[in-house]
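Notes to accompany the following structure.
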Amino acid sequence: MNKYNLISSENIDDLSREEITKYYRNHISPGLANFMKILGFDKAEIKRAEGMYLYTACGRKILDLSGGLSVLNHGHNHPRILKVRKKFNEERRLEICKAFISPYQSVLAKNLSEIFPGDLKYTFFCNSGAEANEGALKSALLYQGKHKDKIVHTDTGYHGKTFGAMSVSGLGAYKELFKTIDGCIEVPYGDINAVKRLFEKRSQAGVNDIAAIILEAIDGDSVIVPPEGYLKELAALCRQHKVIMIIDEVFTGFGKTGRMFAFEHEDVVPDIVTFSKSLGGGKASIAGYIVTSKIFKATYASMKRCTVHSTTFGGLGEECVTAIEALNIINDEDLVDNAREKGCYLLSKMTRLKDNYPAFIKDVRGIGLLCLIEFKKTTEILDNSLISKIPNLDGALAGLVPAMVISELFRRFDILVYSGARNDSLLINPALIVTEDEINVFADALDKVLDKNFIKLLSSFIMNLKLS
């Protein structure tokens, strides 16, 4: 007799959509369930995903331009990745054991050292970008010693929601809700003079207590590119003041910006780089950080310290095999070049829409296959002097325009996109395999959505909410 009333994996497909939604609401998050309902995602029963498309139980074919928020650089279920994972399991390869040297970890680390420039050579594997950033911070602090215990970070960066990663992030990590760790100093992103003043002030005061600075080379989910030369000057300042430079490539790494890594748009080599997301090819939860030989030899190289930093599930065999194949696919299929070429095309199409719909669109910016459309505030679009004077109306209506656009694209045109980090934006973040034809389909659909005036778009949005 079964002790617990458990549902088997074989019976999942027998459950109704209502039952699945009920379990989600009762045991995961009613708030997220409501969010999905507002956008029209709750009714879609995804049965299959392949390449750029999602296929529903009722026969819809949905063009996915969300890129899984940079997880799906290879698209859904790339056949080479499926093949290598199937082979690994059919041969019953050793998945996890701490007693032996893993050939899969060894090869993956070697391949990463080939891809990263300079003396970035030693890799630690873990499970998520936040965990990678935690490890990077620990490495920097251990290298510098206890007398240098301050971490500088930028005001817009996002590095995760664990306490250390959250503490060195901007407000997007909801750190205003928690007491963050001590010793974190914030500077404006892209402002090299602010960093210079901070470093020089502490140095002149004889403090010299800054261990590291952590930042994104390009602010991924807001698509903000720093001024030209910013990273070069920052690297020079770090060398001058003996500060470790940590670059977070979790969102932008492995081709998304039209270079293998975003920091390669400038001729710099960081001391530590963190990465995750698309390294797993859309099938594996794997992350890591890579450090220079100098840092590694001073921190974890000895037998005494080699297990000071560790994790239970980091570098599992199947995850590493998947990542090895994912890197080879990027190389073999010229996906970085495709991201650069298709990214230019995507940006040109979105810029044309900005010119055609100035009442809706405030700004368009992009690099590689990261493109962000920033909409005007609702009160600006309505341009009603009475409405604009209602207190806190902008706050109450924050996110309304992108929500309406996302919902309309999904319901009417079978296109999936997400909002950006800002609540007034749309993030177009497709897989690196996207074609010009697929970009055209999206651009034409968005053109039709924006061709509605605000009131018609709002009416359609409200009507669909009532029907769902």
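Every number in this text was worked out from the coordinates using simple rules, so none of it is lab data. Not measured: the values here are computed from a predicted model. When we count neighbours, we look across all protein chains shown, and the Cβ atoms used for this are built from the backbone with ideal geometry, even at glycine.
Annotations
- Each Lys and Arg adds +1 at its Cβ and each Asp and Glu adds -1 at its Cβ; summed about the Cα centre, the chain shows a dipole of about 1040 debye.
- Length gained on full extension, His27 to Asn77: 15.2 nm, using 0.36 nm per residue less the C-alpha separation.
- For the chain, share of DSSP beta bridges that run antiparallel, in % to the nearest 5: 65 percent
- Exposure proxy shown here: for Asp14, Asp209, the number of other Cβ atoms within 10 Å sets the order, fewest to most, as Asp14, Asp209.
- On full extension, the segment bounded by Cys58 and Lys98 gains 9.8 nm, given 0.36 nm per residue less the C-alpha separation.
- Under the simplified labelling scheme, the Asp451-Ile46 pair shows an inter-label distance of 2.9 nm, with each label point 7 Å from Cα along Cα→Cβ.
- Fewest-first ranking of Asp248, Asp337, Asp424, using other Cβ atoms within 10 Å as the exposure measure: Asp337, Asp424, Asp248
- Residue by residue, segment 158-167 carries 3J(HN,Hα) couplings of 10, 10, x, 10, 6, 4, x, 5, 5, 5 Hz when phi is fed to the Karplus relation 6.51 cos²θ - 1.76 cosθ + 1.60 (θ = phi - 60°); x denotes Gly or Pro.
- Label-point separation in nm, Asp119 to Lys86, each point 7 Å along Cα→Cβ: 4.5 nm
- Relative contact order computed over the chain (Cα-Cα under 8 Å; 6+ residues apart), in percent: 20 percent
- Qualifying chymotrypsin sites (Phe, Trp or Tyr not before Pro) in segment 163-214, where qualification requires a DSSP coil assignment and no more than 13 other C-beta atoms within 10 Å, comprise Tyr174, Phe178.
- Centroid-to-centroid separation of segment 100-128 and segment 162-197 [C-alpha atoms, Å]: 29 Å
- Using the Cβ-Cβ distance between Asn111 and Phe163 with R0 = 35 Å, the FRET efficiency computed as 1/(1 + (r/R0)^6) comes to roughly 0.65.
- Built amide H within the under 5 Å cut-off of Arg365, gap 5+: Leu372, Glu374
- Segment 79-332, relative contact order [Cα under 8 Å, separation at least 6], %: 28 percent
- Order of His309, His76 under a 10 Å beta carbon neighbour criterion, fewest first: His309, His76
- Amide proton proximity set for Val187, modelled H, under 5 Å, gap of 5+: His153, Thr154, Asp155
- Using just its DSSP H runs of length 4 or more, each adding -39500 (n - 2.57), the chain gives a mean residue ellipticity at 222 nm of -12500 deg cm²/dmol after division by all residues.
- FRET E, pair Lys179, Glu19, Förster distance 25 Å, beta-carbon r, rounded to 0.05: 0.05
- Taking segment 109-128 and a reference point 7 angstrom along Cα→Cβ of Val269, the backbone N atoms nearer than 13 Å belong to 113-122.
- Greater than 27 Å apart at Cα, pairs in Lys37/Lys376; Lys47/Lys86; Lys61/Lys377: Lys61/Lys377
- The largest-to-smallest principal axis extents of the Cα set in the chain are 64, 64, 47 Å.
- Shape call, segment 44-169: gyration tensor on alpha carbons, a/c limit 1.5: oblate
- Cβ-Cβ FRET estimate between Asn328 and Asp437, R0 fixed at 30 Å, reported to 0.05: 0.70
- Inter-probe distance in nm under a simple model that places probes 7 Å from Cα toward Cβ, at Tyr4 and Asn423: 3.7 nm
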